[in-house]
1. Got a number for residues in the stretch 21-61 being under 16 Å from Phe145 (Cα atoms) and either open to solvent by less than 80 Å² (accessible area, probe 1.4 Å) or assigned to a loop (DSSP other than H, G, I, E, B) (or both)?
2. Within the stretch 221-255, which residues are open to solvent by 30 Å² or more (accessible area, probe 1.4 Å) and hydrophobic (A, V, I, L, M, F, W, C)?
3. Would you please name the residue that is surrounded by the most Cβ atoms within 10 Å (Cβ to Cβ), looking only at residues in the stretch 256-280 that are more than 42 Å from the chain's Cα centre (by Cα) and not β-branched (Val, Ile, Thr)?
4. Any residue in the stretch 62-85 that is open to solvent by 50 Å² or more (accessible area, probe 1.4 Å), outside any loop (DSSP other than H, G, I, E, B) and acidic (Asp, Glu)?
5. Can you pull out every residue in the stretch 70-108 that is in contact with a strand residue (DSSP E or B) (Cβ under 6 Å, 6 or more places away or on another chain) and basic (Lys, Arg)?
6. Could you check Thr187 against (1) within 21 Å of the chain's Cα centre (by Cα); (2) open to solvent by 50 Å² or more (accessible area, probe 1.4 Å); (3) β-branched (Val, Ile, Thr) and say which number it fails?
7. Would you pick out the residues in the stretch 86-118 that are open to solvent by 50 Å² or more (accessible area, probe 1.4 Å) and acidic (Asp, Glu)?
8. Only residues in the stretch 208-223 that are in a loop (DSSP other than H, G, I, E, B) count as the first member; pair them with residues that are open to solvent by 70 Å² or more (accessible area, probe 1.4 Å), Cβ under 8 angstrom, at least 6 apart or cross-chain, and list the lot.
Amino acid sequence: MKKLLIALAIILAPFAVEAQVKTPQASPKAYIKQTVGLTDVEVTYSRPGARGRAVFGNLVPFGKLWRTGANENTIINFSDDVVIDGKTLKKGKYAIYTIPKIESWEVIFYLSTDNWGLPENWNESYVVLKTTVKENALPTPVESFTIGINGLDPNFAYLEMAWENSHVALKFEVPTAKTATASIEKTLAGPTWNDYFASAQYLFSSNGNIETARVYVDKALDMSTEKPYYVSRLKSLIQAKQGDKKGAIETAKASLAAAEAANNQDYVKMNKDSISEWSR
């Protein structure tokens, strides 16, 4: 009898898994990703519905801290530092809390993002930025709580929140000019020593033009002030492949000394082994 019950349990187990009930969430999850200038902004939040209820002043009391949505934290993530109300908000991920009032909302960016609803213990030191935004009355009610990123400009945009007849738009500025200028200057300055190193490494490992690889690795060493041991190591391998074992040994010795100074025992061993091989 016991064996029969075990066999039935094994047979019925897959059906139990497949029979899990799926129902829609009362406050469905939403995700927004928007590029503003050169900055990526992502928002994850849940969207409660009014469903015939009075929202602000009732479901969401005026003057009280609100989770700004439903369920898990509403989270915003900036890929660059942004400026809000003249204050810098460092790039990264934050929970958004609000305090809705009749004529304005307080918007709070909070470091801890793993809460369900409001934090059990509010930590004021986690408040990285707080600002006040004017509330605008909407002529047509919004049924489901909605967050959007609108009013796009290369240098700024608005984080908008709307529900029932209430709407707020928080302006945030992005460092487009700074980022673009840095990119232009870097590009026009030409390739870095690391670009030449990566190119030489590719040509060497893919059996490409070894003469070109030698030119690139020499440029990398000329441009680098520190003369990294791994760049010298690559040059020694290229020299050996060109048949210049004497030159390869000298370069390997330089790589060996730099590797010993950096306490990189892998490169110490590789250089010693190569010097021994090329000295035969």
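The values are calculated or read from the model by the stated rules, or taken from the named source; none is laboratory data. The model shown is predicted, which means the values in this text are computed figures rather than measured ones. Neighbour counts run over all protein chains shown; Cβ positions are idealised from the backbone, glycine included. The protein model used for the area step is the full one, side chains on, heavy atoms only, and it has no ligands, DNA or RNA in it. Shrake-Rupley method; radii C 1.70, N 1.55, O 1.52, S 1.80 Å.
1. Summing the residues that are under 16 Å from Phe145 (Cα atoms) and either open to solvent by less than 80 Å² (accessible area, probe 1.4 Å) or assigned to a loop (DSSP other than H, G, I, E, B) (or both) in the stretch 21-61 gives 25.
2. Met223, Leu237, Ala254, listed by residue number.
3. Of all residues in the stretch 256-280, those more than 42 Å from the chain's Cα centre (by Cα) come to 275-280.
Next cut, not β-branched (Val, Ile, Thr) only: 276-280.
Details: Ser276: 11, Glu277: 13, Trp278: 17, Ser279: 10, Arg280: 5.
Ranking the qualifying residues of the stretch 256-280, first place goes to Trp278.
4. yes
5. Lys87, Lys91, Lys93, listed by residue number.
6. (1)
7. Step one: filter the stretch 86-118 for residues open to solvent by 50 Å² or more (accessible area, probe 1.4 Å), giving 86-88, 90-91, 93, 101-103, 111, 114, 116, 118.
Correct list: Glu103, Asp114.
8. Every condition considered, the pairs that remain are Gly208/Tyr202.
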